[in-house]
Amino acid sequence: LYILSSVQMNILSKAFLSVREFIQAYCDSFQFKRYDPSREHIFLDCGSNLGQGAKWFSKFFKPSVFKYYFIEPNPQCLEALTELIHSNLFHGRDHVIIQKALSIADGFIDLFGVTILSDRNEPSLGCSINKDHNSGVDCKNIDHSISVACISFGKLLRSLAENNPNAIIIVKMDIESAEYKVLENILMSGDAALINYIYIEFHSQFMSDDKQKYYSILEKN
C-alpha cells in the first residue's frame, strides 16, 4: 500500500485479485458507510471489461448512492455492460457507459489484442493501448488491433469536479498497462487531487522480461 498524502490517495498495487481480501477488510471499515447527502458520490470504473470489478466494489460503494461511470474501449464488452447497468444490481440511477480508452488526451488510439469473436461468442479480454502489454494478448500484431476513441482522464476529472462541486470521487483503475502514462499525467497536472480514493492494478509483472524492471521502477515512483 502506497500512500500519497499530498493528494490523500491510496494505491493498491499488483494484481487486483491477489489483494482482494485486503481490499475487503479495508472497505468493511470504510468511511462511506455514512453518506453525505449534500455531496455527489461518483465511482469511475476505469477498464470495466465485463463489469466484474464494478460488481464486486458495488458491495461497498452502493450503486443507489454512487453514480457509476463504466469506461471501456473494447466494443466486445459493450453488450455485457449495457445488460449490467439495466440489471437489478445497478437499476435505479443513471449510470453511464463511456466507450473510450482512458488516456492522456482526447482523440483516437490503437487498441491491441482484439480478435474476431469465436463461435462461442467470447469477447477479447485484456486488450491494451500499450504495445508493451504482454498478459496473454498479442499487442505486437497489428492485425489484432482496432482504432478506438480515447479520453483524457485529467479532462474527465476536471469536468466531473466542475459539474459536481465537492463531489466524492472513487476510482478503480485496471487499464491493462495504460495506467503508467495516465497516472504520471494527472500527478504532474495536479488533477490527481480531485480523486478521494483510487484502487489500481499495476501490470509490470505481465511485461516481457526486458520491460519488467522499467515498469517496476515506474510503479515505485
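The values are calculated or read from the model by the stated rules, or taken from the named source; none is laboratory data. The shown structure was predicted, so the numbers you read here are calculated from the model rather than taken from an experiment. Note that each Cβ is placed from the backbone with ideal geometry, even for glycine, and that neighbours are counted across all protein chains shown. Ligands, DNA and RNA are excluded from the accessible area calculation, which covers all protein heavy atoms including side chains. Shrake-Rupley method; radii C 1.70, N 1.55, O 1.52, S 1.80 Å.
Given (1) modelled with pLDDT under 85; (2) crowded, with 19+ Cβ neighbours inside 10 Å; (3) part of a helix (DSSP H, G or I), where does N134 come up short, assuming only one miss?
Status for N134: all satisfied but (3).
Exactly one of these conditions fails for P165: (1) assigned to a loop (DSSP other than H, G, I, E, B); (2) on the phi < 0 side of the Ramachandran plot; (3) under 16 Å from the mean Cα position of the chain (by Cα). Give me its number.
Of the numbered conditions (1) assigned to a loop (DSSP other than H, G, I, E, B); (2) on the phi < 0 side of the Ramachandran plot; (3) under 16 Å from the mean Cα position of the chain (by Cα), the odd one out for P165 is (3).
Rundown of residues vs (1) open to solvent by less than 50 Å² (accessible area, probe 1.4 Å); (2) at pLDDT below 85, yes/no style:
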site: L17; (1), (2): no, yes
site: F22; (1), (2): no, yes
site: D36; (1), (2): no, yes
site: F43; (1), (2): yes, no
site: L81; (1), (2): yes, no
site: N88; (1), (2): no, no
site: L102; (1), (2): yes, no
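Can you name every residue in the range 168-221 that is charged (D, E, K, R), open to solvent by less than 70 Å² (accessible area, probe 1.4 Å) and out of contact with any Phe, Trp or Tyr (no Cβ under 9 Å at 6 or more places or on another chain)?
Of the range 168-221, the ones charged (D, E, K, R) are 172, 174, 176, 179, 181, 184, 191, 201, 209-211, 213, 219-220.
Keeping just the survivors that are open to solvent by less than 70 Å² (accessible area, probe 1.4 Å) gives 172, 174, 176, 179, 191, 201, 211, 219.
Once the filter is applied, which keeps residues that are charged (D, E, K, R), open to solvent by less than 70 Å² (accessible area, probe 1.4 Å) and out of contact with any Phe, Trp or Tyr (no Cβ under 9 Å at 6 or more places or on another chain), the range 168-221 yields only K211.
Restricting to the range 45-66, name every residue that is of a type in the set (D, E, K, R), surrounded by fewer than 18 Cβ atoms within 10 Å (Cβ to Cβ) and outside any loop (DSSP other than H, G, I, E, B).
K55 - this is the single residue of the range 45-66 that is of a type in the set (D, E, K, R), surrounded by fewer than 18 Cβ atoms within 10 Å (Cβ to Cβ) and outside any loop (DSSP other than H, G, I, E, B).
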